[in-house]
1. With labels modelled as points extended 7 Å from the Cα through the Cβ direction, what inter-label distance (nm, one decimal) is found for A:Arg64 paired with A:Lys571?
2. Return a whole-number percent for the relative contact order of chain A, with Cα pairs under 8 Å and 6 or more residues apart as the contact set.
3. Compute the length gained on full extension between A:Lys531 and A:Lys426: take 0.36 nm times their separation in residues and subtract their Cα-Cα distance, giving the result in nm to one decimal.
4. List the relative contact order of the stretch A:437-532 as a percent without decimals, with contacts defined as Cα pairs under 8 Å and 6+ residues apart.
5. What FRET efficiency comes out for the pair A:Lys549/A:Ala294, r = Cβ-Cβ distance, R0 = 30 Å, nearest 0.05?
6. By how many nm would the segment from A:Glu124 to A:Arg104 lengthen if fully extended, with 0.36 nm per residue of separation less the alpha-carbon distance?
7. List the relative contact order of the stretch A:533-578 as a percent without decimals, with contacts defined as Cα pairs under 8 Å and 6+ residues apart.
8. Give me the distance between the Cα centres of the stretch A:136-194 and the stretch A:607-667, rounded to whole Å.
Amino acid sequence: MSHSNALAHFLRHVSFPPDPHLLPTALKSCPALPLARALHAAAVASGVAGDPFVASSLLHTYLRFGAAADARAVFDGAPQKTVVGWSALAAAHASRGDADGAWRLLEKMRRGNNGPGGGGGGVEPNVITWNGLVSGFNRSGRARDAVVALARMHGEGLLRPDVTGVSCALSATGDLGTEAIAVGEQLHGYAVKAGCRLDACVVTALIDMYGKCGRADEIVRVFDESCHMDVASCNALIAGLSRNAQVSETLRLFREFVAQGVELNVVSWTSIVACCVQNGKDLEAVELFREMQAQGIEPNTVTIPCVLPAFANVAALMHGRSAHCFVVRKGFLLDVYVCSALVDMYAKCGRIRNARTIFDAMPSRNVVSWNAMIGGYAMHGEAKNAVRLFDSMLMCKQKPDMVTFTCVLAACSQAGLTEEGHRYFKEMQHDHGISPRMEHYACMVTLLGRAGKLDEAYNLITEMPFEPDGCIWGSLLGSCRVHGNVDLADVAAENLFRLEPGNAGNYVLLSNIYASKKMWDGVNRVRATMKDMGLKKEKGCSWIEIKNKVHMLLAGDDSHPMMTAITEKLKQLNIEMRRLGFAPSTDFVLHDVEEQEKDDILAVHSEKLAVALGLISTSPGTPLRVIKNLRICDDCHEAMKFISGFEGREISVRDTNRFHHFRDGKCSCGDYW
DNA sequence: CTAGGGTTAG
């Protein structure tokens, strides 16, 4: 209905001349600001605007539409200042995050307003005034003020906190994090004293608070004591356990709720999907998302950005596309969270152009949207595009954050834009006031390393204002591999082994550097250390999507149903590659000897298995997209180049950092990674 | 016929 139609409709219902008893009802359901102004004008014209009920309703309606100036005018012009009006204005300040204004208004109300049009004597705040402050502060993220408001209601207001105030203050307390546990416990005490600790809302808020303060034990205790199955408290329990990394327990409880017939809603399902995604259980998340829809629960604008990273992580492009279709059908393309997640999904699934199309069509963007797109370009090695987009971000007056600079610096370091990288590292600090964090230094080490300036990279590390972590030394070690610098590699490795003694990948990398220099003593020494420490190379794992199904392939695992055909194809590929001059490289040195003796096929890296499966399961010319959990090795990288050439396929492999697009025997990374 | 609350989120 257009506004003018709505106006006609409403005016019929307020029966002229406007009735002071009907106007508040009309205002309560008034759908738009112009209509509220029209009703206001009608009230003034007929002389009922001074009625305290009409004035309060007008005040609330204006605040509902965010028309603060109109609201203020109504309040200032009202002949009597009631507690209703004061409360509404104070709550409005609080929910805008204007704590000073809210507290000032509270004092003014008690003192009495003697200004022009003032109503004389002071007015004491009531429970609703205080709760309005608590709620407003909570919504605007002013958690401390919210708790103060509740305490003052109890202390100087001599009012007993009720269900509303306690629930709302608990919610605010959770936002303060673990240190606020004492405040949370005090609020729990209020709930006990007020006799509302078993109230459904209070229970939910308590579970939420304890969950956010890291007290998994208390969550379960409060839930068990409440003894009735309220869906909101079940949801709070799931979210709370998930937040505290109790993934298997969360999943078990969720299954139990399903079995007990708890009427789970879209929030419940969204929470459990999010739980899986945040804990690396992507395939489970995909399955639960499917199950949710089978149960007749429709995903909303929160569910979609929760589940999309799961599709992105396993490169389930078809699932991602069908989610995109759903988004279009439901009109969710207006939601900035949904679109940012779509941009990220397409980029991580290898469709950087589709990502850009979504990005360009977005009605509005926030810093996350820009970061997703810039990060996407970085991941694809398209540094020029990343840098160009960063420039337009600044032109659009969007403030970059530290994630933005991580993306920009990563793009520069991967593409060898050494000068630009240096410039952005300086600009970040001087023009944008962002001091570099660990990840920025890691990018700079990679940047310098790529340019062959290994000593400069080492100096940067020693001059860092804080203790470098494993990523930093890992970047240096990676650069040493490319440039064959054994001396510096030893230094980097020594630090890495100290910081990450259990990370097998570091030992493998060092061993490969020795092997490339034929320093077999070093290779054997590293192998012995690994054996002593009981470290096994992390199992390589790759995913490939074929005809809507995601296949997972593990190195050294022959359980895939198509294994015989895969083996056959690999043999063929090996023969063809060798005929074309392919020489296997050194990365095999750390494969278990026993495994290799059993059967060569068990020593094949997972990405080769995935590509072989892709080649035999799709028609000639179909591009293949593979995702891998580890960094791609030299041997596979070289093999992929050959295969892309003689099979005439585009093959993209996303490893831990970036995309490798293989085509006609070449890789988009220019052989540097 | 006027004022207040809880759970999911890049």
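Every number in this text was worked out from the coordinates using simple rules, so none of it is lab data. A quick note: this is a predicted structure, and the numbers were derived from the prediction, not measured. Neighbour counts are summed over all protein chains in view; Cβ atoms, including those assigned to glycine, are modelled from backbone coordinates with ideal geometry.
1. 7.6
2. Working: 1010 pairs, mean separation 36.9, N = 673.
Computed value for chain A: 5 percent relative contact order.
3. Values: separation 105, 0.36 × 105 = 37.80 nm, distance 4.43 nm.
Fully extending the segment from A:Lys531 to A:Lys426 adds 33.4 nm.
4. On the way: 101 pairs, mean separation 21.2, N = 96.
It rounds to 22 percent for the stretch A:437-532.
5. Working: r = 17 Å, r/R0 = 0.57.
Calculated transfer efficiency: 0.95.
6. Details: separation 20, 0.36 × 20 = 7.20 nm, distance 1.39 nm.
Result: 5.8 nm gained on full extension.
7. Details: 20 pairs, mean separation 10.6, N = 46.
Reported as a whole number, the value is 23 percent.
8. 56
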